[in-house]
Amino acid sequence: MVGDTLTFTNTTYKSISEFFPTGAGQRRIRIYKAGVAHSTATLLVDETRLLTASRAYTLYTKSGLTANGPTTTTGTGIVVNR
């Protein structure tokens, strides 16, 4: 963690991270394609979420499958755990 920036590198499908606290408020979430240098990685998600104080959240990425294979649309989901 650098300041209020959380960075996860090469986090793959079905992997989890440890718990990281962050402050309440609007938080920008950016997700890049894994497996390449950050400076050249493709930005998949760039969105803002409102996080409330005294809550625990699970943030996950999602994309879909079509009859022709994976979609190019990637988004995030968030679950309030408490």
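Residues in segment 27-40 that are farther than 18 Å from residue 81 by Cα and under 14 Å from the mean Cα position of the chain (by Cα): 28, 29, 30, 31, 32, 33, 34.
Listed by first and then second residue, the pairs with beta-carbon distance under 6 Å, at least 6 apart or on different chains, first residue in segment 29-43 and under 13 Å from residue 8 (Cβ atoms), second modelled with pLDDT under 70 and part of a loop (DSSP other than H, G, I, E, B), are 34/10. The condition of being under 15 Å from residue 78 (Cβ atoms) and among the hydroxyl-bearing types (Ser, Thr, Tyr) holds for only one of 42, 11, 48, that being 48.
The values are calculated or read from the model by the stated rules, or taken from the named source; none is laboratory data. Quick caveat, the model's predicted, so the values are computed rather than measured. Note that we place each Cβ from the backbone using ideal geometry, even for glycine, and neighbour counts take in every protein chain shown.
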